[in-house]
Amino acid sequence: MSDVSLLSRSAADVAADIAAGRLATDAALNASLQAYAATDAGPSGLNAVLYSDADSARASLQSLSLGNGTSTDARPLAGIPVAIKDNIATLSMPTSCGSKILDGYVSPFEATVIAKLRAAGALMPMKTNMDEFAMGSSTENSAFGATKHPMDHTRVPGGSSGGSAAVVAAGVTRIALGSETGGSVRQPAAFCGIVGVKPTYGRVSRHGLVAFASSLDQVGVFGQTVDDAALGLQVIAGADALDSTTVDVPVSDYRASRDNAAAQPLAGVVVGRPVEYFPDSLDPRMRELLDRSADRLRALGAEVRDVSLPHTALAIPVYYIVAPAEASSNLARFDGVRYGLRVEGDGLRGMYEATRSQGFGPEVTRRILLGTYVLSAGYYDAYYKRAMAVRRLIAADFTKVFASGVHVLLTPTTPTTAFKAGSKTDPYEMYMSDIFTATANLAGVPAMSQPIGRIDGLPVGGQLLASHFDEATMFRVAYALERALGSEAHA
Amino acid sequence: MAVSEEDVRHVAALARLGLSQPQVASLVGELNGILEHMDVLQQVDIGSASLDPDATHGMRMRDDVPNPIALHRPREAFAPGMRDGFFLVPRLSTHGSTDSADDEGEG
C-alpha cells in the first residue's frame, strides 16, 4: 500500500526527499498510481487518462540513479510523476490527440519537453484525455469519451486539456503538461481550481507537440499550487534547436519569490485591471472575488490601476479565423497514408475523403471547413488578412499597457464557472468560453490562472498576464497572491 | 457573405472531406452562425496594422538546412515498407495488386 498523503506535499519537497534517499524512489509514483486507480477508471471514474504505463515509469527509475544524495539541482523532479496531454509525443505510450484518426499511433521520436522532464528525474506514467486535436473548451470532443469534472461529475473540467486538469485537481499528480492555443490550460485550470500557466510564445519547445495552430500553440503546465507549476515550467523552458520558434532568452528563476515572507513583497509592482475584462454582464460574485484579490495585492504593496485593452472584444472573431485557418493546413497531413487510420475509398481521393471523414469528429471537421473557407479565393482578404491585421491591434494593446509602467494584468480567467456537460450546443457559445484567454495567445504574452475563490462551491480562476518573457514577475505576483488568499482561494 | 451548400461542398472538396447531404445542410447553418460573428472585423479601422500578413515582424529565421530528428526507432521499424531509402505505403485497394514482389506495399 502506498502513501497517498505524499500527494498533499509540494512536488519540490517530495523530489528533495526522494533525491536525498529519505523516501523510496518509487514512493510518489506508487501514490499516483493508487490515486489514479481510485478516481479514474470505470463508469464512475473521471475518464481523464487515456493511456497508462507504470512499467516504463518504473524502468526509467532504474536509469535515474536517484536516492543516493542526488542533487535536486540536477534532478529537480526526482521521482515525481507528471501526467502528459495526449498531443505531446511520447515513446512508450500512444499519441492519439484524442482522435480516432490517430488511435494507437506511437511516435518514433519524443517531444523535447518529455526529454527535459525525464532528464529532471520526472516519471511519466500516463497520457491524458483532451478535446480532439485540442479543439474545444470542455473535453467533450474526445473520440474516447468526455472527461468529468472532479468535483461534480455532471459538469465539464474545461478544455481542451481537461484530462490533465482533472488529474491534477483530483490529486493523482501534482504536475501535468497541457497545451494552449486559445486558453486550453488556463480555462480548465480555472474550472478545476488549480494553477495553469501558458508561457510566452517561444519560451518552451514545441518539438513533438502535434500542431494545431502554429502561430498560437504553446506547451503549458498545470500545478496544484503556484510552486508546482513554476517548478514544472522551470524544467521545460528554454530554446531548442529542434524548434526554430523558440527564442534564446535566458530562463529566469521562476521560484525565486516562493519564500518571500516580506510584509510588502510586491512593493513597486504595478497591477493593471483592464476594464474590458470586467463587463457589466460579469457575474457580480466573480467581480467581488477579483476585487478581493486586487485588495490583497494592494495590501502586499502593489499599485492597482485600471487600464484599457480596447480591442479585447475582437479576440474571439480573430481567433476563430486564425486558428481554424492554420488548423486546416496543419491537419492536412492526416490523410490515411502517413498516420493512423486508413479507410479505403474510390481511388486516392476517395481514400483521403473516407479516411478524414471517418477519422475526424464534428468539431474538427467544422474547424477544418471554416479554416479552408476563410483561406479560399475570394474570402482570404475579407477574413484571414483582416483578422491578422486586427490581431496586431490586439497585440499592440498589450505593448502599450506594459510600456506605460504596468507589470502584470489581473482579470477573470473565464466568464463563468464550470458549466454542465452537454449544455453548450451552439459552437459559438462554446467558443466564447475563451473570451478572456485567447488574447494572450494572439499577443504571445505569458499568462496564468490561479484559484481565487468559489461560487456555489465551484472554483473561480484569477488570471495574471505579463509582458513577453517576464514569467518571473508573473510568478512573483502569483506566489504573493496565493499566500495572501490562503484557504480563501478554495472557499 | 452567406455560406451556401455549394460553398460547403467546395471547401469540403478542397479539404478532402467527404460529407453526406445532411452534414452539408447542417454545416451551412453552423458556419453561417459562426461567420456572422466575424463580420464585426469589417468595421474595424485597421490603419497601419494592415501590413503584409506574411511578414516575419522580427522573427529570426534559421538557416535553411536540414535538421534531422533523432528517431528512437529505425525507420524500418515503423514504416510499412522501405525501398531505396523511401517509404512504401499501402497500395490503394482500388488499384489492385501487382505481380512484382518489388512493388509490394507500394501505392
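The values are calculated or read from the model by the stated rules, or taken from the named source; none is laboratory data. The shown structure was predicted, so the numbers you read here are calculated from the model rather than taken from an experiment. Don't worry about glycine lacking a Cβ; one is built from the backbone with ideal geometry, like all the others, and counts go over all protein chains shown. These area figures cover heavy atoms from the full protein model, side chains too; ligands, DNA and RNA do not enter into them. Shrake-Rupley method; radii C 1.70, N 1.55, O 1.52, S 1.80 Å.
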- Task: Find the lysine pairs in chain A meeting two conditions, Cα atoms under 29 Å apart and a separation of 8 or more places or different chains, and report how many there are.
- Result: 27
- Task: Would you mind pulling out the separation of the Cα centroids of the stretch A:428-491 and the stretch A:57-133, in Å?
- Result: 26 Å
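With +1 on the Cβ of every Lys and Arg and -1 on the Cβ of every Asp and Glu, and nothing else charged, how large is the dipole of chain A about its Cα centre, in debye rounded to the nearest 20?
It works out to roughly 280 debye.
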- Heavy-atom accessible area per residue of chain A, all protein chains kept, 1.4 Å probe, expressed in Å², is 31 Å²
- Separation of the B:Asp64 and A:Asp456 label points, Cα + 7 Å toward Cβ, nm: 5.7 nm
- Please name whichever of A:Asn47, B:Leu88, A:Leu341 sits farthest to the positive end of the charge dipole of the protein assembly as shown, dipole taken about the Cα centre and charges placed at Cβ: Lys and Arg +1, Asp and Glu -1. A:Asn47
- Note on the structure: Its Cα gyration tensor gives the stretch A:1-106 an equivalent ellipsoid whose semi-axes in whole Å, largest first, are 27, 17, 11
- In the stretch A:109-167, the GluC sites (Glu not before Pro) that fall in loop regions by DSSP, at most 11 other Cβ within 10 Å: none
- Dividing the convex hull volume of the Cα atoms of the stretch A:135-240 by its residue count, what figure in Å³ per residue is obtained? 91 Å³
- Loop-only check: which trypsin sites (Lys or Arg not before Pro) in the stretch A:125-222 are DSSP coil with at most 15 other Cβ within 10 angstrom? none
- Quick one: which residues, 5+ away or cross-chain, put their amide H under 5 Å from the amide H of A:Ile455? H built at 1.01 Å from N. A:Val460
- Message: Need one number: nm distance between label points at A:Gln34 and A:Ala377, each 7 Å from Cα along Cα→Cβ, rounded to one decimal.
- Response: 6.6 nm
- Item | Among A:Val406, A:Pro150, A:Gly457 the positive-end extreme of the charge dipole of chain A (Cβ point charges) | A:Val406
- Task: Mind giving me the FRET efficiency for A:Ser5 and A:Ala59? R0 is 30 Å, r the Cβ-Cβ distance, nearest 0.05 is fine.
- Result: 0.70
- Message: Out of all DSSP beta bridges in chain A, what portion is antiparallel? Express it as a percent rounded to 5.
- Response: 70 percent
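A plus B alone minus the pair: what accessible area, both sides summed, probe 1.4 Å, in Å² to 100? Display every interim value, and only then the final one.
Values: alone 17510 and 9590 Å², together 22420 Å².
So the total buried area for this chain pair works out to about 4700 Å².
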- For the stretch A:203-263: Kirkwood Rh in Å [reciprocal of mean 1/r, alpha carbons]: 13.1 Å
- Query: To the nearest whole percent, what portion of all C-alpha pairs in the protein assembly as shown is separated by more than 32 angstrom?
  - Reply: 46 percent
- Query: Under unit Cβ charges (Lys, Arg +1; Asp, Glu -1), what dipole magnitude, rounded to 20 debye, does the stretch A:275-403 have relative to its Cα centre?
  - Reply: 320 debye
- Query: Over all distinct Cα pairs, what is the inverse of the mean 1/r for the stretch A:304-411, reported as the Kirkwood hydrodynamic radius in Å?
  - Reply: 16.4 Å
- Message: Contact order normalised by length for chain A, with contacts defined as Cα pairs under 8 Å and 6 or more residues apart; what percent is it?
- Response: 16 percent
- The answer for GluC sites (Glu not before Pro) in the stretch A:279-373 that fall in a DSSP coil and have at most 15 neighbouring Cβ atoms within 10 Å is A:Glu344
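Roll a 1.4 angstrom probe over the protein heavy atoms and tell me the percent of accessible area of chain A that is carbon or sulfur. Mind dumping the intermediate values first?
Values: 7810 of 15200 Å².
The nonpolar share, carbon plus sulfur, comes to 51 percent.
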- Message: Relative to 2.2 N^0.38 Å, what does the C-alpha radius of gyration of the stretch A:391-491 come to as a ratio? Two decimals please.
- Response: 1.19
